[in-house]
Amino acid sequence: MDYARVLRGAAGVAGFLAVAELVGLSGLVDDRFLPRMSTVLGAATGLVADPEFLADAGATLTVWALGLLLTVALAVSAGLLLGTLPRAEAATRPLIEFLRPIPSVAVIPLAILLFSDNLHLKLAVIVYAASWPVLINTIYGLKDVDPLAKETLRSFGFGPVSVLARVALPSAAPFIATGIRVASGIAVILAISAELMAGGSEGVGIYITEAASGGRVDLMLAATLWAGLFGLVADAVMVAAERRLFRWHHVRTGGAR
Amino acid sequence: MLKITDLVHSYGSHRVLGGVSLSVAEGELVSVVGPSGCGKSTLLRSIAGLIRPSGGRITLGGRPVERTPDDLAIVFQDYSRSLFPWMSAANNVALPLRRKGMDRRQRREAAMAALDQVGLADAGSKYPWEMSGGMQQRVSIARALAYRPSLLLMDEPFGSVDAQTREDLEDLVLNVCAHHGITILLITHDIDESVYVGDRVVVLTRSPAVVAADLVIGLGRTRDQIATRQLDAFVRLRAEVGRLVRGGHTGHTTESTSVLEKK
Ligand SMILES: Nc1ncnc2c1ncn2[C@@H]1O[C@H](COP(=O)(O)OP(=O)(O)OP(=O)(O)O)[C@@H](O)[C@H]1O
Ligand SMILES: [Mg+2]
């Protein structure tokens, strides 16, 4: 990655933290409502050694991972099906176009009514919300496969299933991977939202709720900070993996980085 | 082994092939020349079963071509799009060999041997997008050769390589045809080349294409880049094909007229 870019990003973050701290110091806001930045950062550091928070973080992480796994399994299969059967795709397109823009958080109350099991509820909302980018990207990636590449394999006598597995899927893989990366971010949001709205016994969302009821705004913000940081790191790891795995794609599409 | 009768094809209302009839005997190398856009690639795709022609008949070994025939390989004109960018050159060449029931090691060895034949012995681990156009074109030739098809279709296979490599590849194709009994249909826009490699040269007219002439090139099988091209017969045939491609009528070359009368 570009060194100067990283540096500029770091400078931006440092600048923001400094301004936030100054606002706190200036006494413009009551620090019972909005604690000083240094307090929040201190609390965040403290959470690393807090077994209660770690258990909650582990629970959210597990839900996130399970949800993402289910999403990939479901949405990629569905995408392969719709991407290879144009008629089925045409038939389902209006439905997809209608459902996709509904803010996913809005389905949580419905899920609360439908699921008695808290884990099932969280997984259901994650899968519902995170599937869209994977599904859409899989369909799009399959449409984008060079017909000549498929014809090449056909001309050597390979059947449709081989063509799908050996040409269509690898060539759609970079698009699918991007979809999964977007889905990962959505899964973090939905996991915590579901915890906040549906309650339960453990999770970062639960931790935040409890901190709020105890009037510990600093702990609330510290937990939120960790959630954001996790999303950021997950994204960066996936970007790096994509660059590595799909170098052929990035070279060809002119993505120079 | 290949017999084409009254092949007609239109894209929408645009008629490209206007009744092409042509037959190729087992082990023969037939060059096809014709003006740009006359339907040469369309002809080739029809033979390969990649498009369903609007009319006419194609039989391969007596059986009509309905889907892609077994034991056929194509070198596409758009060679760079026909290579898989997520695979190294060696893996590109080795992939079709799965159809031959070869194990991993055999595929690898066959791929390396084929790459060696086209002068890319050291480039097996390179990816297509790391290669020049000429190198990519040779990889796609190697892939077709490694497959050892009984029918090999080549669509302007030497367009992007330098003159020296081109001559080497022409001789390689001649060699493969002679020693492995592969039947080859080779499309080219290079008149010189069509005569040099061909047992026969088929000239197509402008679209809607029909066969303008079908010349037997009686130059024997052993050809030499320098000596053969200096032969009187070669020079005469080349002029003849050139005239035909430009839309002129058959001259007085005995060989060609006799073929035309025979048809
Ligand atoms: N898929 C297609 N859809 C519509 N028209 C097509 C298609 N493929 C080819 N054509 C048209 O058919 C005609 C013949 O095309 P074809 O590629 O067979 O010619 P060619 O002889 O191979 O040309 P070249 O020498 O330039 O390779 C051209 O006018 C082309 O524009
Ligand atoms: Mg062509």
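The values are calculated or read from the model by the stated rules, or taken from the named source; none is laboratory data. On a predicted model such as this, the values are computed, not experimentally measured, just so you know. With ideal geometry, Cβ positions are generated from the backbone for all residues, glycine too; neighbour counts draw on all protein chains shown. Ligands, DNA and RNA are stripped out before the accessible areas are found, and what is left, the full protein with its side chains, is counted by its heavy atoms. Shrake-Rupley method; radii C 1.70, N 1.55, O 1.52, S 1.80 Å.
Points to keep in mind about this one:
- Net charge contributed by nearby residues that have their C-beta within less than 14 Å of A:ALA241 (K/R +1, D/E -1): +2
- The stretch A:197-257-the stretch A:11-52 distance, computed between alpha-carbon centres (Å): 19
- Seen through its C-alpha gyration tensor, with square-root eigenvalues sorted a ≥ b ≥ c, the stretch A:53-109 comes out oblate because a/c lies at 1.5 or above while a/b is not bigger than b/c.
- Cα-Cα pairs of the protein assembly as shown separated by more than 35 Å (percent): 53
- About its Cα centre, the protein assembly as shown has a charge dipole of approximately 1280 debye under the convention of +1 per Lys or Arg Cβ and -1 per Asp or Glu Cβ, with nothing else charged.
- Legend: mean number of C-beta atoms from other chains within 10 angstrom of residue C-beta atoms, peptide B:83-90, equals 4.
- Within a Gaussian network of chain B (alpha carbon springs, distance under 10 Å), most fluctuating of B:LEU151, B:LEU22, B:LEU231: B:LEU231
- Estimated dipole of the stretch A:50-252 in Debye, rounded to 20 [Cβ of Lys and Arg +1, of Asp and Glu -1, Cα centre]: 1080
- Area buried, chain B against chain A - accessible surface, total, 1.4 angstrom probe, square angstrom: 2200
- Alpha carbon convex hull of chain B, volume per residue in cubic angstrom: 125
- Exercise: per-residue mean of other protein chain Cβ atoms within 10 Å, B:72-81: 3
- Calculated mean residue ellipticity at 222 nm for chain B: -11000 deg cm²/dmol, from DSSP H runs with n ≥ 4 weighted as -39500 (n - 2.57), summed, divided by the residue count and rounded to 500.
- Loop trypsin sites (Lys or Arg not before Pro), the stretch B:156-227, which have at most 15 other Cβ atoms in a 10 Å radius of their Cβ (DSSP): B:ARG221
- Each of the GluC sites (Glu not before Pro) that DSSP puts in a loop and that has at most 12 other Cβ atoms within 10 Å breaks chain B; the longest unbroken stretch is B:67-263.
- Degrees between helix A:51-84 axis and first principal axis of chain A (Cα, 0 to 90, nearest 10): 20
- Judged by the gyration tensor of its Cα atoms, with axes a ≥ b ≥ c, the stretch B:83-148 is prolate; a/c meets the 1.5 cut and a/b is the larger of a/b and b/c.
- Taking A:ALA240, A:ALA194, A:ALA14 in turn, the Gaussian network model of chain A (Cα-Cα springs below 10 Å) assigns the largest fluctuation to A:ALA14.
- Averaged over peptide A:172-180, the number of partner chain Cβ atoms lying within 10 Å of each residue's Cβ comes to 0.
- Listed residue (B:LEU115, B:ASN91, B:GLN136) projecting farthest to the positive dipole end of the stretch B:83-148, Cβ model: B:ASN91
- For chain A, the share of alpha carbon pairs falling in successive 10 Å distance bins from zero is 7, 23, 27, 23, 13, 5, 1, 0 percent.
- Given charges at Cβ of Lys, Arg, Asp, Glu: the protein assembly as shown dipole, positive-most of B:PHE234, B:SER125, A:SER184: B:PHE234
- Lys/Arg +1, Asp/Glu -1 at C-beta; the stretch A:50-252 dipole; positive extreme among A:ALA149, A:GLY231, A:TYR207: A:ALA149
- Separation of alpha-carbon centers, the stretch A:94-121 and the stretch A:160-189, rounded to whole Å: 23
- Area of A:ILE208 that stays accessible when all protein chains are in place (1.4 Å probe, Å², to 10): 20
- Virtual spin-label span in nm between B:ASP116 and A:SER77, 7 Å along Cα→Cβ: 4.7
- Among the listed pairs A:LYS150/B:LYS40; A:LYS122/A:LYS143; A:LYS150/B:LYS126; B:LYS100/B:LYS126, those whose Cα-Cα separation exceeds 26 Å are A:LYS122/A:LYS143.
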